Amino acid sequence: MISYLIFFLIICGIYGIMTLGLNLQWGYTGLFNIGVAGFWAVGAYTSAILTKPPAPEHLGGFNLPFIVGLLAAAVVSGVIAFLIGIPTLRLREDYLAIATIGIAEIIRLIVKNEEWLTNGVRGISGIPKPFKSLFGNSYNLFYLILVMIALGIIYFIIQRGIKSPWGRVLRAIREDEEVARAAGKDVFRYRLESLVLGSMIMGVGGAIYAHFTSFISPEAFKPMQGTFLVWVMLIIGGSGNSLGALLGTLITWSIWSGTEILTSFLPSTITTQAAAFRVILIGVLLEVVLLTRPEGILGEDPHVSSVLKE
Amino acid sequence: MVLLLQLISNGIILGCIIALGSIGLSLLYGILKFGNFAHGDMMTLGAYFAFLFKVQLGMPMWAAFVLAMLLTAFVAVIVDQVIYKSLRKSDSIILLIASVGIALILRNFIQLIWGPQNHFYDKGIQMPIQLGLGVRVKPNQILILVVTVALVIFVHLFLTKTKMGKAMRAMSDNMDLAKVTGINTEQVIKWTWVLGAVLTAAAGILLGIDTHLLPSMGWNLLLPLFAATILGGIGSPYGAMLGGLVIGVSQELSTLVIPPTYKPGVAFLIMLLMLLIKPTGLMGRSV
Amino acid sequence: MILQVNDVVSGYGDMDILHGISIEVNQGEIVSIVGPNGSGKSTTLKTIFGLVNLKQGEILYYGDSINQNTPDQLVGLGLSFVPQSDNVFPSLTVHENLEMGAFISKTNKKYRFDLIYDLFPPLKEKRKTQAGNLSGGQRQMVAFGRALIMEPELLLLDEPTAGLSPLYIDMILDKVAEINKETGVSVLMVEQNAKKALKMSDRGYVLAAGQKKYEDTGQALLNNEEVAQLFLGG
C-alpha cells in the first residue's frame, strides 16, 4: 500500500512539474502549447542518452552523472523551444496551437525513426537510477524526495519569476498585448522567454521520469494522451495559478490512477477497452469543467480570467 | 518518370480524401472562428459507422455510405448543441481545447466499441488497372476520385444555389452583418456542421476503402487537414479543395527525397510556410 | 408613435455611452440624429437594434417592449438596420446580398427584387457582380437594398453618407427621401452631414456626450443659432 502511494506520488510529482511548465506558458503568457509531450520526450531522451553506459543500439556511452543529464535535458529542451519559437511565436494563438501539434508530431517521428539515436520503437532501457546502490530497498522513497525537491525548486523559481517585474510584463501581455506593445515592451521577447523556460521545465520533468522508470520508448509517451492529461490538470486546477496547477495535477492523477486500479480487476482481454474508457472519462471531465467553471477550481488571477471570459 | 507519375496519381487520391475533410473544416473555421480539432476523429467516426452498417449489419455499400454520413452529421450537431453552443462567446482557444477533448472522447469511444485492431470493409484484394504511361490505380481509387468529384460538385451547388449555402458564405464573410440582416445564425451553424460532417465522414469511408480502418486513422490526418485548410485560406471551401490536392501530391512526391515516415512533416512544413508568408492562404480573406 | 425610446442608458462593458436618451419616431417620419463625434448617435441606433447592451430604460415598438429582442427577431418585426461600415457581404453577388436581406421570407417572391432594382437601377446590371468589387456608392446602394427588400416599417440608417463622394451623398439622401415618400417607411437616421440631414427631416435630435440637447423639427433646428454654432459643422 505504502509503496503504491509512493509510486503514485512520484508520478504525480513529475506531472506536477510538467503542469507548472505549461502553466507558465499558457496560464501566465497565453501560449497554447500542444507539444508538451514533445518536450517531455526531448528531456527524457537527452538525459537517457547522456547518462547511459555504451550501448550498441543507440547513441550513448557518455556515462555522465544524473545531474548533468538533468541539466542537459533542460538545455536541449530550451534550445528546441527557442528554435521553434522564432518562426511561430508571431502567429495568432490558434495558429500557434496547430504549429505546436506539428512540432510534437515531428519530434515523435524523429524519435521513432532515427534508430541510431534513439533505438526507435524498441526504446532505451537500463537508464541509470541515480544513487541506486546507496538506497537499495527504500530507493523509491529517496526518489520521491528527489522529485519533491525538484518540484519545490521549480515552484519557487516560477513564483519568484511571476512576482518579479518580468512576470508582471508577462501578465500585462496576456491581458492586453496591444497595450503592452504600446508601452514599449518587446512582446515577442517575453513570449520567447516564457516558452523556453516552460519547455526547459518540461524537459527536466521528462528526464526525471526517464531515470525513474529506467525505460523509455515512443509509446511510453503516448503523445496525445500525455499532453492531454497535462492540459486537463491545468484547466481543472486553474490556469494562471501555480497552486491551482498542482491541485489539478493531484486531482486528475488520482482519478486517472484510481480508475486504473478499478479497471485492473477486469479481465485482461479488455484492458485496452478499459483504458479507452478511462480516457473518455477524463475527456468528459474536461468538457464539464469547460462548460461550468472554465477558470478551474482555484479560480485565477482576475487579470487572466478576464481574457478567458471575453 | 513513371515513378513520378505514379506518385502524383497516388497523391491525387490522397489529396481527394484530404480535400473532402478540409472543406468542412474550413467552413466551420470561417464561421465559428475556431479550429475543430475533432474533425479528424469525425472522419474516423464516419468510417466506423459505415463499417457498422456494411460489415456488421450486412447492408450494401452505397446504403452504408449514406447512412454513415447522416449519422455522423447527427452526432456533430448534437456535440455542437451540447458543448460548443454554450462556448460560442468564449475565446477561440477554449473552443479548441474543448474540441481536443471531443476528439479524444470520439477516438476512444470508437476503440471501446470496435477495438484497436485493423478492420476492413472488404477482405478481397483488388487488381490494379493499367492507366497508361506505366501508372497503375486500383479500381477503388477510381471510385474515390469519382465520389470526390461528385461531392465537390454537390458542395458547389449547395453553396451557390441554396439559401442555406449562401447564408453560410454570408456568415463566413461577416457574422455581425448576418445577424443584422435577419439570418438565423444558429440554424445556419447547424447546417454547417451537417455539411462538414457529411463530407468528412465520406472522406473517412473513402480512406477506409483505400486502406483500412484504425481508431487513429482520422487523427493521423488532422495535420494535413489543417495544412490544406490554411493553405487554401480559412473560410474558403474552394481553397480547401485546392489545398487538399496540393498537400496530397506534395506528400507523395516528397518520398523521392525523404523517408516516407516523415510524410506528415511535409504537410506541416507547407502549412508553417503559409502561415509565415501569407496567413490568409491562397484563396482566403483575412479571418 | 411607432418607436419610443425612454430614458435609455447603454454602453460597452462598464462604460456607459448613453446617459438617459429619449427619442420617438412617428409613422412615416424622417427623423435625424445629429451631433459631434462620440455623442452616442451610432450607439443609440445599435442599442435599439439589440447590438449594444441596454442597461436602463425601455424601447417600445408599436407599444411593445423590444428591450430583449435579438437583431434577427427585430427584422421579423419590421425593423431594418444599415450599419455604417462593412454593410455588405463582399464575396456574395449583389443579388445574393439582396437574397440575404430576404432570408426570413419563406417564399422567394420575385417582386421584392424588382422593387429594389426599380429603386436602384444601377444595381440591376451589376447583380451578378461580387459586392466587394463595387464602388463605395454602389455598395451603399446594395446595403440599402438589402435593408429594404422586406419592406420594413422602420429603417435605421447609421451615417449613410459616410465616406461617399459628394455626388453619391446627395444621391443617397435623395433616395432616402424618395423611399420614405413612395413606401411610407419611417426613417431614423444618424448623420454627420447635419445640415443636409436636417433639411430633409421632419424632426431632429441633437445629441452631445450621450445626452439629448435639442429636439425640434428639422427646419427649426436648422434655424437655431445655438445649434448651428455648437454642433452643425457640416
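The values are calculated or read from the model by the stated rules, or taken from the named source; none is laboratory data. A quick note: this is a predicted structure, and the numbers were derived from the prediction, not measured. FYI the Cβ positions are ideal-geometry reconstructions off the backbone, even for glycines, and counts take in every protein chain you see.
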Exercise for review: Scan (1) surrounded by 13 or more Cβ atoms within 10 Å (Cβ to Cβ); (2) in the same structural domain as B:Asp210 (by TED's automatic domain parsing) for the single condition B:Leu131 breaks and write down its number.
Suggested key: (2)
Review point. Within the range A:172-191, how many residues turn out to be touching a residue at least 40 places away in the same chain (Cβ under 8 Å) and surrounded by 19 or more Cβ atoms within 10 Å (Cβ to Cβ)?
Key: 4
Practice item. Output the residues belonging to the range B:258-280 that are more than 18 Å from A:Asn113 (Cα to Cα), at pLDDT below 85 and surrounded by 16 or more Cβ atoms within 10 Å (Cβ to Cβ). Key: B:Leu275, B:Pro279, B:Thr280
Check your understanding: Hey, among B:Leu145, B:Leu159, B:Leu177, which residue is under 22 Å from B:Ile17 (Cβ atoms), modelled with pLDDT of 90 or more and within 14 Å of chain C (Cβ to nearest Cβ)?
Key -> B:Leu159
**Study point:** Top-ranked residue in the range A:92-112 [being more than 21 Å from A:Ser217 (Cα to Cα) and at the interface with another protein chain (Cβ under 7 Å from one of its Cβ atoms); ranked as surrounded by the fewest Cβ atoms within 10 Å (Cβ to Cβ)]
**Key:** A:Glu93
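Here is a yes/no grid of residues against (1) within 14 Å of chain B (Cβ to nearest Cβ); (2) at pLDDT 80 or above; (3) over 30 Å from A:Arg171 (Cβ atoms):
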| position | (1), (2), (3) |
| --- | --- |
| A:Leu250 | no, yes, no |
| A:Trp256 | yes, yes, yes |
| A:Arg278 | yes, yes, yes |
| A:Leu285 | yes, yes, no |
| A:Thr292 | yes, yes, no |
| A:Ile297 | no, yes, no |
| A:Val304 | yes, no, no |
| A:Val307 | yes, no, no |
Revision key, fill the gap. Matching residues in the range C:99-136 (within 13 Å of chain B (Cβ to nearest Cβ), farther than 18 Å from B:Ala170 by Cα and assigned to a helix (DSSP H, G or I)) number 0
Review point. Is the range B:248-256 home to any residue that is within 13 Å of the chain's Cα centre (by Cα) and either buried (at least 24 other Cβ atoms within 10 Å of the Cβ) or within 14 Å of chain C (Cβ to nearest Cβ) (or both)?
Key: yes
Check your understanding: Which condition breaks for B:Ile183 when tested against (1) in contact with a helix residue (DSSP H, G or I) (Cβ under 7 Å, 6 or more places away or on another chain); (2) part of a helix (DSSP H, G or I)?
Key -> (2)
Review point. Among B:Ser216, B:Ser172, which is within 14 Å of another protein chain (Cβ to nearest Cβ), of a type in the set (S, T, N, Q) and crowded, with 21+ Cβ neighbours inside 10 Å?
Key: B:Ser172
Check your understanding: On the given criteria, is B:Leu199 out of contact with any Ser or Thr (no Cβ under 7 Å at 6 or more places or on another chain), farther than 26 Å from A:Leu89 by Cβ and in a helix (DSSP H, G or I)?
Key -> yes
Study note, to complete from the structure: Checked the range B:241-268 for anything without any contact (Cβ under 8 Å) to a residue 60 or more places away in the chain and touching a Lys or Arg at 6+ places or on another chain (Cβ under 9 Å); matches are B:Ser254, B:Thr261
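Tell me, which strands (runs of 3 or more DSSP E) wholly within the range C:184-229 include 2 or more residues that are aromatic (Phe, Trp, Tyr) and surrounded by fewer than 18 Cβ atoms within 10 Å (Cβ to Cβ)?
Working: elements: C:186-190, C:203-208, C:211-217.
So the answer is none; nothing clears 2.
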**Study point:** Single match in A:Leu70, A:Leu50, A:Leu64 (criterion: in contact with a helix residue (DSSP H, G or I) (Cβ under 6 Å, 6 or more places away or on another chain) and in contact (Cβ under 8 Å) with a residue 24 or more places away in the chain)
**Key:** A:Leu70
Point to revise | Spans of helices (runs of 4 or more DSSP H) in the range B:7-125 with at least 2 residues under 21 Å from B:Thr229 (Cα atoms), modelled with pLDDT under 90 and within 14 Å of chain A (Cβ to nearest Cβ) | key: B:92-114
Check your understanding: Counting only residues that are over 19 Å from B:Leu221 (Cα atoms) and small (Gly, Ala, Ser), which one in the range B:36-93 is surrounded by the fewest Cβ atoms within 10 Å (Cβ to Cβ)?
Key -> B:Gly58
